[in-house]
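The values are calculated or read from the model by the stated rules, or taken from the named source; none is laboratory data. Every value quoted in this text rests on a predicted model; they were computed, and no experiment measured them. Cβ atoms come from the backbone with ideal geometry, glycine included; neighbour counts cover every protein chain shown. Areas reflect the complete protein model, heavy atoms only, side chains present, ligands, DNA and RNA absent. Shrake-Rupley method; radii C 1.70, N 1.55, O 1.52, S 1.80 Å.
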Amino acid sequence: MSSRPRERQTRRTRRALIEAADELFAEGRVPTVAAVAERAQVARATAYRYFPSQEALLLETTFLGDSETMRAIPQLAAAVEGPGERIAEAVRTGAEWTLGREARLRMVLRASLDPSGAQRPARRRAYIAALIDPLELPAEIHARLAGALTLLFGIDPIVSLMDNGDVAREAIPDVLAWTARRLVEAALEEAGR
């Protein structure tokens, strides 16, 4: 019986911390656990029990609820014929998801560039492995393709294309998808397929 009020309080506290982080993001600030605790009027020690590091806070508040889309990329892509087009569709989906969260992801990128800042998750490796493992490429070609595809996911290529390549925002998913398709075609050709 006593666990029910505690569960409700836990949910309220977590929600207050996440809302505070969202407010800080909206102000153009990258939230820290201490800043979120202060904004939510929660003790720092309590906030650190929910989010032991800035990295944990950023991961939870940036990818909360949206990680299903990214985890589903291999399944979405599996419905597409041909390996080049399948991986191109995965990259396009990832780019569209990222563009929808561009401002927040740019803040996370900025924070991760500070040597003492948050580490970004290395989740794209798992998505890429799920996409290219079925191609059964020789190890060397597989490793090169995985490395090259890593450059096409996340905020990094979007920042590069928008800021340095003068590529229109709406064209970015197609540019990245085209690049992915060509990389897969080159890898398959090199493997003799």
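Quick rundown of the values:
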{"read-out": "Qualifying residues in the stretch 145-155 (those that are touching a helix residue (DSSP H, G or I) at 6+ places or on another chain (Cβ under 7 Å) and not aliphatic (A, V, I, L, M)) - the one least open to solvent (accessible area, probe 1.4 Å)", "value": "153"}
{"read-out": "Test: residue in the stretch 175-184 that is among the hydroxyl-bearing types (Ser, Thr, Tyr) and modelled with pLDDT of 95 or more", "value": "yes"}
{"read-out": "Every residue from the stretch 1-32 that is part of a helix (DSSP H, G or I), of a type in the set (Lys, Arg) and either open to solvent by 90 Å² or more (accessible area, probe 1.4 Å) or over 17 Å from residue 43 (Cβ atoms) (or both)", "value": "4, 6, 8, 11, 12, 15"}
{"read-out": "Residue satisfying condition, being open to solvent by 40 Å² or more (accessible area, probe 1.4 Å) and over 22 Å from residue 60 (Cα atoms), within set 167, 91, 175, 80", "value": "175"}
{"read-out": "Search result, residues across the stretch 93-144 that are modelled with pLDDT of 75 or more and part of a loop (DSSP other than H, G, I, E, B)", "value": "100, 101, 136, 137, 138"}
